[in-house]
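Report on one structure; see the data block that follows.
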Amino acid sequence: MYQFSKLSPNEFETLAVDIVGKMNNIFFQRFTEGPDGGIDGFYESSDNNWIVQAKRYKNTTTLMSKMQQEKEKMDNYIPKRYFLVTSCSLTPANKEKIKLIMTPYILSTNDILGEDELISLVKEYPEILKNHYILKSQKLKPKNYPNNISWKYSYLSLKWENYNIDIKAWK
(Lines give C-alpha, C1' and ligand atoms only; values in the text may rest on other atoms or scores of the structure.)
Protein backbone atom coordinates (compact mmCIF):
# COMPACT_ATOMS: atom_id res chain seq x y z
CA MET A 1 0.00 0.00 0.00
CA TYR A 2 1.17 3.51 -0.75
CA GLN A 3 1.74 5.95 2.08
CA PHE A 4 0.60 9.23 0.57
CA SER A 5 1.06 11.08 3.85
CA LYS A 6 4.81 10.41 3.60
CA LEU A 7 5.09 12.41 0.37
CA SER A 8 6.23 16.00 0.68
CA PRO A 9 3.48 18.59 0.18
CA ASN A 10 4.80 19.38 -3.30
CA GLU A 11 5.04 15.69 -4.27
CA PHE A 12 1.47 15.07 -3.13
CA GLU A 13 0.15 18.16 -4.94
CA THR A 14 1.87 17.07 -8.16
CA LEU A 15 0.45 13.56 -7.84
CA ALA A 16 -3.06 14.93 -7.20
CA VAL A 17 -2.94 17.21 -10.24
CA ASP A 18 -1.52 14.43 -12.45
CA ILE A 19 -4.26 11.99 -11.43
CA VAL A 20 -7.14 14.45 -11.91
CA GLY A 21 -5.65 15.53 -15.25
CA LYS A 22 -5.38 11.91 -16.39
CA MET A 23 -8.95 11.14 -15.27
CA ASN A 24 -10.30 14.08 -17.29
CA ASN A 25 -7.78 13.93 -20.15
CA ILE A 26 -6.75 17.56 -19.68
CA PHE A 27 -3.62 19.44 -18.67
CA PHE A 28 -3.71 21.43 -15.44
CA GLN A 29 -1.38 24.34 -14.80
CA ARG A 30 0.82 23.91 -11.72
CA PHE A 31 2.30 26.63 -9.59
CA THR A 32 5.45 27.09 -7.54
CA GLU A 33 5.63 26.02 -3.91
CA GLY A 34 4.27 28.42 -1.32
CA PRO A 35 0.89 29.96 -0.53
CA ASP A 36 -1.37 29.18 -3.47
CA GLY A 37 -4.75 30.50 -2.35
CA GLY A 38 -6.23 27.01 -2.53
CA ILE A 39 -5.11 26.22 -6.08
CA ASP A 40 -2.70 23.34 -6.73
CA GLY A 41 -3.89 22.78 -10.29
CA PHE A 42 -5.78 25.10 -12.61
CA TYR A 43 -7.48 24.49 -15.95
CA GLU A 44 -9.09 27.26 -17.95
CA SER A 45 -10.87 27.30 -21.28
CA SER A 46 -13.27 29.79 -22.85
CA ASP A 47 -16.19 28.42 -20.82
CA ASN A 48 -14.58 26.50 -17.95
CA ASN A 49 -12.26 26.98 -15.04
CA TRP A 50 -11.45 23.99 -12.85
CA ILE A 51 -9.39 23.87 -9.69
CA VAL A 52 -7.59 20.94 -8.06
CA GLN A 53 -6.74 21.22 -4.38
CA ALA A 54 -4.61 18.61 -2.60
CA LYS A 55 -4.88 18.15 1.16
CA ARG A 56 -2.28 15.90 2.77
CA TYR A 57 -3.57 15.25 6.27
CA LYS A 58 -3.28 12.23 8.52
CA ASN A 59 -6.92 12.21 9.60
CA THR A 60 -10.35 13.34 8.47
CA THR A 61 -10.92 15.49 11.56
CA THR A 62 -8.18 17.88 10.44
CA LEU A 63 -9.42 17.81 6.85
CA MET A 64 -13.01 18.59 7.84
CA SER A 65 -11.91 21.46 10.08
CA LYS A 66 -10.25 23.14 7.05
CA MET A 67 -13.03 22.77 4.49
CA GLN A 68 -14.96 25.94 5.41
CA GLN A 69 -11.76 27.96 4.83
CA GLU A 70 -11.41 26.26 1.44
CA LYS A 71 -14.99 27.22 0.57
CA GLU A 72 -14.26 30.86 1.40
CA LYS A 73 -11.19 30.79 -0.88
CA MET A 74 -13.25 29.32 -3.72
CA ASP A 75 -15.91 32.00 -3.26
CA ASN A 76 -13.21 34.42 -4.47
CA TYR A 77 -12.39 32.35 -7.59
CA ILE A 78 -15.85 30.90 -8.36
CA PRO A 79 -14.62 27.85 -10.28
CA LYS A 80 -17.06 25.86 -12.43
CA ARG A 81 -15.62 22.68 -10.92
CA TYR A 82 -13.48 21.91 -7.87
CA PHE A 83 -11.63 18.66 -7.20
CA LEU A 84 -10.44 17.76 -3.72
CA VAL A 85 -7.70 15.14 -3.41
CA THR A 86 -6.73 14.01 0.07
CA SER A 87 -4.42 11.45 1.64
CA CYS A 88 -7.18 10.56 4.15
CA SER A 89 -9.50 7.59 3.80
CA LEU A 90 -13.04 8.91 3.47
CA THR A 91 -16.45 7.45 4.22
CA PRO A 92 -19.50 8.19 2.05
CA ALA A 93 -20.72 10.47 4.87
CA ASN A 94 -17.39 12.37 4.85
CA LYS A 95 -17.72 12.91 1.11
CA GLU A 96 -21.32 14.10 1.38
CA LYS A 97 -20.37 16.58 4.10
CA ILE A 98 -17.45 17.93 2.02
CA LYS A 99 -19.71 18.21 -1.03
CA LEU A 100 -22.31 20.09 1.02
CA ILE A 101 -19.70 22.53 2.37
CA MET A 102 -18.17 23.06 -1.10
CA THR A 103 -21.48 23.54 -2.97
CA PRO A 104 -21.72 24.66 -5.79
CA TYR A 105 -18.08 23.95 -6.73
CA ILE A 106 -17.92 20.19 -6.14
CA LEU A 107 -20.36 18.74 -8.67
CA SER A 108 -20.47 15.21 -7.23
CA THR A 109 -18.71 13.04 -4.68
CA ASN A 110 -16.73 11.65 -7.66
CA ASP A 111 -14.81 14.95 -7.54
CA ILE A 112 -13.54 14.05 -4.06
CA LEU A 113 -10.66 11.57 -4.06
CA GLY A 114 -9.51 9.95 -0.85
CA GLU A 115 -6.75 7.45 -0.15
CA ASP A 116 -8.75 4.47 -1.44
CA GLU A 117 -9.49 6.14 -4.79
CA LEU A 118 -5.86 7.25 -5.13
CA ILE A 119 -4.66 3.67 -4.69
CA SER A 120 -7.14 2.46 -7.32
CA LEU A 121 -6.24 5.25 -9.75
CA VAL A 122 -2.50 4.65 -9.43
CA LYS A 123 -3.23 1.03 -10.38
CA GLU A 124 -5.51 2.13 -13.24
CA TYR A 125 -2.93 4.61 -14.59
CA PRO A 126 0.42 2.89 -13.94
CA GLU A 127 2.19 5.44 -16.15
CA ILE A 128 1.73 7.94 -13.32
CA LEU A 129 4.31 5.97 -11.34
CA LYS A 130 6.89 6.87 -13.98
CA ASN A 131 6.75 10.49 -12.78
CA HIS A 132 6.32 9.61 -9.10
CA TYR A 133 9.19 7.25 -8.38
CA ILE A 134 8.86 7.77 -4.63
CA LEU A 135 5.53 5.92 -4.68
CA LYS A 136 7.05 3.18 -6.76
CA SER A 137 9.97 2.81 -4.36
CA GLN A 138 7.48 2.54 -1.44
CA LYS A 139 5.67 -0.25 -3.26
CA LEU A 140 8.92 -2.10 -3.88
CA LYS A 141 10.22 -1.86 -0.31
CA PRO A 142 9.61 -4.99 1.74
CA LYS A 143 6.81 -4.65 4.30
CA ASN A 144 9.16 -5.22 7.23
CA TYR A 145 11.81 -2.83 5.95
CA PRO A 146 13.85 -1.71 8.96
CA ASN A 147 13.24 2.00 9.55
CA ASN A 148 16.24 2.34 11.83
CA ILE A 149 18.77 1.96 9.00
CA SER A 150 20.41 5.28 8.22
CA TRP A 151 21.27 5.77 4.56
CA LYS A 152 23.66 8.66 4.08
CA TYR A 153 23.72 8.26 0.31
CA SER A 154 22.72 5.40 -1.87
CA TYR A 155 22.10 4.89 -5.56
CA LEU A 156 19.74 2.26 -6.89
CA SER A 157 18.61 1.75 -10.43
CA LEU A 158 15.54 -0.38 -11.07
CA LYS A 159 13.73 -1.60 -14.14
CA TRP A 160 10.16 -2.65 -13.50
CA GLU A 161 7.21 -2.95 -15.87
CA ASN A 162 9.03 -1.02 -18.62
CA TYR A 163 9.90 1.87 -16.29
CA ASN A 164 13.43 2.83 -15.38
CA ILE A 165 13.73 4.34 -11.94
CA ASP A 166 16.84 5.93 -10.51
CA ILE A 167 16.73 6.42 -6.77
CA LYS A 168 19.58 8.53 -5.50
CA ALA A 169 18.71 8.80 -1.84
CA TRP A 170 16.69 6.89 0.69
CA LYS A 171 15.08 8.59 3.64
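The values are calculated or read from the model by the stated rules, or taken from the named source; none is laboratory data. The model shown is predicted, which means the values in this text are computed figures rather than measured ones. Here the Cβ positions follow ideal geometry from the backbone for every residue, glycine too, while neighbour counts run over all protein chains shown. Please note that ligands, DNA and RNA were not included when accessible areas were found on the heavy atoms of the full protein model with its side chains. Shrake-Rupley method; radii C 1.70, N 1.55, O 1.52, S 1.80 Å.
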Problem - Isotropic mean projected area of the C-alpha convex hull, the stretch 36-91 (nm²) - result: 4.1 nm²
Exercise for the section: Just the Kirkwood number for the stretch 1-125, please: inverse of mean 1/r across all distinct Cα pairs, in Å, one decimal. Expected result: 14.4 Å
Exercise for the section: Please give the length that would be gained between Y77 and E33 if that part of the chain were fully extended, namely 0.36 nm times their separation in residues minus their C-alpha to C-alpha distance (nm, one decimal). Expected result: 13.9 nm
Exercise for the section: May I ask you to give the percent of accessible area on the stretch 1-123 that is carbon plus sulfur, with a probe radius of 1.4 Å? Expected result: 49 percent
Problem - Cross-link pairs K66/K130; K66/K97; K6/K130; K22/K123 - those with Cα-Cα distance over 21 Å - result: K66/K130
Completion exercise
Cα extents of the stretch 90-135 per principal axis, largest first, Å, are 35, 19, 17
Fill in the blank from the handout: Given 11-19, 57-65, 90-98, the highest-first ranking by average Cβ count within 10 Å works out to 11-19, 90-98, 57-65
Exercise for the section: Go ahead and run the numbers for FRET between N48 and S8, Cβ-Cβ distance against an R0 of 25 Å, rounding to 0.05. Expected result: 0.25
Fill in the blank from the handout: Given 43-54, 100-111, 66-77, the highest-first ranking by average Cβ count within 10 Å works out to 43-54, 100-111, 66-77
